[in-house]
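Notes follow once the structure below has been shown.
Computed from the coordinates by the stated procedures, all read-outs in this text should not be read as laboratory data. Because the structure is a prediction, the values reported are computed rather than measured. We place every Cβ from the backbone using ideal geometry, glycine too, and count neighbours over all the protein chains shown.
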Amino acid sequence: MKKIKFEEKKFSYKDAKPGKINVKAFKEAVYLLLEADDWLYKKAPNHYLNENEAKEFCKIIIKSINKLNEVLEEFGYKVEKKKEMEKSALYIVTNKKLFRKLKSLGYRVVSTDGYLDINDYKGRVPENALKGLEKKINIVKENIKKQIQKIKPSKIYVVVADEEDLKVYKKAKELYNAEKVDIDDFE
């Protein structure tokens, strides 16, 4: 079981410095906690969560903690900073929506719009579609290769949101020595 380590120093309201409430972060934390509160009703009376439900619930709680940390920072509390994403890296994503989001935030990003290995499609699509998908995969790989040559990124990351993205990550690791980064690191 993973253990989350918190700082030994305890926070006290007496340590608060004058500051301005980060209203946006505070409201987001409250909305996230209200979303987490829904799980109490959904899972009553025993409140047991299976693995996927537990991941979703904990994801909400951790996001709310991060938002509350943003609020506390405004009042002089030193909290662990969220990992800064590298702007000089190349990020590989699997869908256009995330592509547009990261592009608008100034990241160097390329979208695969699917897998990087034809074998990942086998059994999921009709056999006659595989030839067209293989051409598409080769075009995507060539596009990634051109991007790497053009921008010479410091690192290559695959943004992983789910199990399907892990397949893209494994192939990108093999092809481009890519590393994995979780989608939540961008939120």
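Just a few scattered comments:
- Charge dipole (the chain, unit charges on Cβ, about Cα centre) - positive-most of 109, 93, 48: 109
- When the listed pairs 150/170; 43/67; 27/170; 20/180 are checked against a 27 Å cut-off, the alpha-carbon distance exceeds it for 27/170; 20/180.
- Rg/Rg_globular for segment 90-186, with Rg_globular taken as 2.2 N^0.38 Å and Rg from C-alpha atoms: 1.05
- For the chain: Kirkwood Rh in Å [reciprocal of mean 1/r, alpha carbons]: 19.6
- Residues considered: 116, 68, 49. Largest GNM mean-square fluctuation over the chain, using C-alpha springs under 10 Å, is found at 49.
- Restricting segment 40-134 to GluC sites (Glu not before Pro) in coil, as DSSP defines it, with at most 15 other Cβ within 10 Å: 80, 84, 86
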